[in-house]
Amino acid sequence: QVQLVESGGGLVQAGGSLRLSCAASGRTFSSYAMGWFRQAPGKEREFVARISSGGGSTYYTDSVKGRFAISRDNAKNTVYLQMNSLKPEDTAVYYCNRDSRVGYYSDFHESDSWGQGTQVTVSS
């Protein structure tokens, strides 16, 4: 089972930026799509963004389009989430996840592998 470690969260004012990182264990990182999710207090975890195994295809939830950018470095087994123009409603714990399937798909199937998450707090 893959181990995922998120980092890069913090406290930022509205309009600011943060870059999250997620380091994955193992030698098969480049074979899987990766995704970012978030969970705000009192709410269910929601999908934020995903990136294909090779990095050529990305997809975002509507609320972050144009503000967030997902990328990956397969040589470093790491996926990133650049977050710009942050809003208070972006406040949440952010998690990365590996797709449960090897290869390219037009959707994302969450696996059971979750990291500890990283807290992002945006003040108004």
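Data table
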| item | result |
| --- | --- |
| Hits in the stretch 96-119 (condition: touching a Lys or Arg at 6+ places or on another chain (Cβ under 7 Å) and closer than 18 Å to Glu44 by Cβ) | Phe108, His109, Ser111 |
| Residue count for the stretch 26-41, restricted to those that are modelled with pLDDT under 95 and of a type outside the set (Phe, Trp, Tyr) | 6 |
| Residue match in the stretch 28-47 (condition: among the hydrophobic types (A, V, I, L, M, F, W, C) and over 19 Å from Glu110 (Cα atoms)) | no |
| Qualifying residue in the stretch 35-56 (condition: farther than 14 Å from Gln119 by Cα and touching a residue at least 60 places away in the same chain (Cβ under 8 Å)) | yes |
| Criterion: under 22 Å from Val5 (Cβ atoms), open to solvent by less than 30 Å² (accessible area, probe 1.4 Å) and of a type in the set (Asp, Glu) - qualifying residue of Asp99, Asp73 | Asp99 |
| Residues of the stretch 27-61 satisfying the condition of being open to solvent by 70 Å² or more (accessible area, probe 1.4 Å) and in a strand (DSSP E or B) | Glu46, Tyr59 |
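The values are calculated or read from the model by the stated rules, or taken from the named source; none is laboratory data. A quick note: this is a predicted structure, and the numbers were derived from the prediction, not measured. So basically every Cβ, Gly included, is an ideal-geometry build from the backbone, and we count neighbours across all protein chains shown. Heads up: the accessible areas ignore ligands, DNA and RNA and are worked out on the full protein's heavy atoms, side chains in. Shrake-Rupley method; radii C 1.70, N 1.55, O 1.52, S 1.80 Å.
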